[in-house]
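Just so you know, all these numbers are worked out from the coordinates, no wet-lab data involved. Not measured: the values here are computed from a predicted model. Here the Cβ is made from the backbone with ideal geometry for all residues, glycine too, and neighbour counts use every protein chain on show.
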Amino acid sequence: MKFFNTLSRSIQEFVPRDPQGNSVGLYCCGPTVHDFAHVGNFRTFVFADLVRRCLELKGFSVRHIMNITDVEDKIIRRVRENNSSLRDYTAKFESAFFEDFDALNCLRPHVTPRASEHIADIIALIEKLVARGVAYRAADGSVYFSIEKYQASGALYGRLLKLNFDHLRPGPRVSSDEYPKDAASDFALWKARVPDDGSVFWPSPWGEGRPGWHIECSAMSMKCLGPSFDLHLGGEDLVFPHHEDEIAQSEGAGGQAAGEPFVKYWLHGAHLLVEGKKMSKSLGNYFTLRDLLAKGFTGREVRYLLLTAHYRESFNFTLEGLQGARAALARMDECLGKLAEIAAGSEKAPSEPEVLRQFVDAMDDDFNVAAAWAAIFDWVRETNKQLAENLITPARAATLIAAWQKINQVLGLHTKQESEMGEKLDDSLQKLLDDRQAARKAKDFKRSDAIRDELKAKGWAIEDTPKGPRLKPLQP
Ligand SMILES: [Zn+2]
């Protein structure tokens with residue numbers, strides 16, 4: 001398995017740090033919960049989900065961490081504007097985020113630490129940096145990371161970027177979380193309390209204040225995964241300053257074993273354009289996931305579309321593309337539905353269909369989704385041809401379905417039936433379905449027919465499948 005490591009700027013074979021070659025630590029920078037996440041944000045999370053699922057298919061045991069940034073410049077501004085408390089304000093967007101995350105069928109990370117709940121870890125890390133001489137307290141009580149002292153200790157600042165920071169003038173220090181890459185500037189680890197912070201502050205050895213955004217990720221990732229771990233993911237806009245600063249802070253604290261970096265592989269997902277342009281509210285091409293769901297698209301369709309683009313290529317996300325996703329999924333569903341009918345509980349043959357090998361090979365090659373989808377759609381076309389000629393035996397159909405299920409462990413595109421059932425049946429519907437099943441068992445067909453009619457009146461058809469009855473929405 002190989003992929004592009006931003007640290008080496010080359011495609012590298014993946015070798016986990018674990019000497020047993022089994023455990024993998026993966027950290028992905030999570031959402032800043034100041035607003036609803038947009039489709040560009042979700043491109044990164046779907047990519048992280050794909051990486052995790054690929055590793056799991058290869059048999060690795062992945063520990064996936066995604067932080068929740070709930071203390072940050074933008075959030076504090078919104079909290080002030082809304083006259084709210086930090087927790088009240090962020091809780092709403094955090095739960096909306098996870099609703100969207102689930103709608104996209106992303107596997108929940110094993111831990112989702114909140115910055116606001118790791119202030120003590122953050123302060124301890126800053127204290128280490130101060131003690132090692134690479135951070136200093138400014139007159140106002142803020143603490144800054146010193147690029148000069150860090151470089152003087154023999155470390156290199158500018159590991160992820162192709163910029164030569166040696167040739168950059170030292171810039172004035174910066175206190176904001178986001179800043180341009182025109183100078184190697186000392187950046188804030190701890191920001192002294194100012195009136196605009198309102199109620200968002202904590203005590204610290206340097207006075208009241210709050211952490212900077214960059215130190216939060218260093219503290220939470222190392223807390224959950226240790227001072228060195230395998231994979232760190234994020235959008236390419238985070239390369240500088242966020243990830244560069246994370247390396248400086250984490251390695252500046254010196255917790256790593258000799259010769260071990262903070263992170264072995266850095267993976268970055270490219271930007272997303274929407275309707276050919278950079279997303280912006282004024283251009284009307286700014287979509288949150290809920291905007292797309294309100295237009296009648298499903299999380300499954302959005303996920304599919306995001307998965308058709310290679311992670312290192314900027315991708316033009318369009319509503320037309322979503323229509324195309326719907327058509328492509330329908331073609332797959334139809335083929336799989338026919339296979340399921342033929343297989344009907346049959347044992348699968350021991351052979352492994354070619355499409356599975358092609359899919360795994362493609363994903364092993366820097367997540368080459370174009371090759372993976374080409375293999376899948378060639379397979380659908382060929383299978384349809386064989387179906388039309390009645391050439392597929394039940395055992396063969398079962399084998400093909402099993403192969404698809406393995407592929408789908410990575411793609412996470414639940415079948416149409418699964419997603420229909422996934423819309424949780426409300427209790428009354430489930431009870432009717434159970435009652436009908438009981439009536440049929442008792443051979444009370446009058447009762448079972450009556451329940452069927454009642455469900456029909458509510459807009460549901462019962463479909464009896466080898467796995468038992470299930471409800472299917474009646475077509476309008
Ligand atoms: Zn981060």
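Between A294 and D18, the FRET efficiency estimated from the beta carbon spacing at R0 = 45 angstrom works out to 0.55. Taking amide H positions as modeled 1.01 Å from N, with prolines and chain starts lacking one, the residues under 5 Å from S142 and 5 or more places away or on another chain are A192.
Taking other C-beta atoms within 10 Å as the exposure proxy, E72, E260 rank E260, E72 from fewest upward.
Rounded to the nearest 20, the size of the Cβ-charge dipole of region 159-279 about its Cα centre is 80 debye, with Lys and Arg at +1 and Asp and Glu at -1. Most simply put, the chain has about 50% antiparallel DSSP beta bridges, counting only bridges with both residues inside it.
Centroid-to-centroid, using Cα positions, region 225-288 and region 32-57 are 12 Å apart. Within the same chain, aspartates and glutamates fewer than 8 places from K2 are excluded, and of the rest, those with a Cα less than 16 Å from its Cα are E13, E56, D230, D361, D364, D365, D366.
The HN-Hα couplings worked out from phi for region 241-252 by the Karplus form 6.51 cos²θ - 1.76 cosθ + 1.60 (θ = phi - 60°) are x, 4, 6, 4, 5, 4, 5, 4, 5, 6, 7, x Hz, whole numbers, x standing for Gly and Pro. Normalising the average separation of contacting C-alpha pairs (under 8 angstrom, six or more residues apart) by the number of residues puts the relative contact order of the chain at 15 percent.
Between R312 and H414, the modelled labels are 3.4 nm apart [label points 7 Å from Cα along Cα→Cβ].
Computed from the C-beta positions of F445 and D361, the FRET efficiency with R₀ = 45 Å rounds to 0.30. Per the Kirkwood treatment, what hydrodynamic radius in Å, one decimal, follows for the chain from the mean inverse distance over all distinct Cα pairs? Kirkwood hydrodynamic radius for the chain: 25.0 Å. 3J(HN,Hα) along region 76-92, derived from phi through the Karplus expression 6.51 cos²θ - 1.76 cosθ + 1.60 where θ = phi - 60°, amounts to 5, 4, 5, 4, 5, 4, 8, 6, 10, 8, 4, 5, 4, 5, 6, 4, 5 Hz, with x in place of Gly and Pro. Bridgeable lysines around K223 (alpha carbons under 16 Å apart, same-chain partners fewer than 8 residues away excluded): K128. 3J(HN,Hα) along region 130-147: 5, 4, 7, x, 9, 9, 9, 8, 8, 4, 7, x, 7, 10, 10, 8, 9, 5 Hz, from the Karplus curve 6.51 cos²θ - 1.76 cosθ + 1.60 with θ = phi - 60°, whole Hz, x for Gly and Pro. Between amide H atoms placed 1.01 Å from N, distances below 5 Å from R114 occur with I68, all of them 5 or more places distant or on a separate chain. The calculated FRET efficiency for I11 paired with D427, based on their beta-carbon distance and R0 = 45 Å, is about 0.30.
With 0.36 nm allotted per residue and the present C-alpha distance subtracted, the K458-R87 stretch has 129.5 nm of extension available.
Placing unit charges on each Cβ (+1 for Lys and Arg, -1 for Asp and Glu) gives the chain a dipole about its Cα centre, and among Q256, Q437, V360 the Cα reaching farthest toward its positive end belongs to Q437. Placing a label point 7 Å from the Cα of L391 along the Cα-to-Cβ direction, the residues of region 344-360 with a backbone N closer than 16 Å are 353-355. Placing dummy labels 7 Å off each Cα toward the beta-carbon, the span from E352 to L319 is 4.4 nm. Counting only lysines at least 8 places from K348 when in the same chain, those with an alpha carbon closer than 21 Å to its own are K338, K385, K406, K467. DSSP beta bridges fully contained in region 195-328 are about 25 percent antiparallel.
The distance separating the Cα centre of region 301-340 from that of region 83-159 comes to 36 Å. The stretch between E341 and K278 holds 18.2 nm of extra length on full extension. This uses 0.36 nm per residue minus the Cα-Cα distance.
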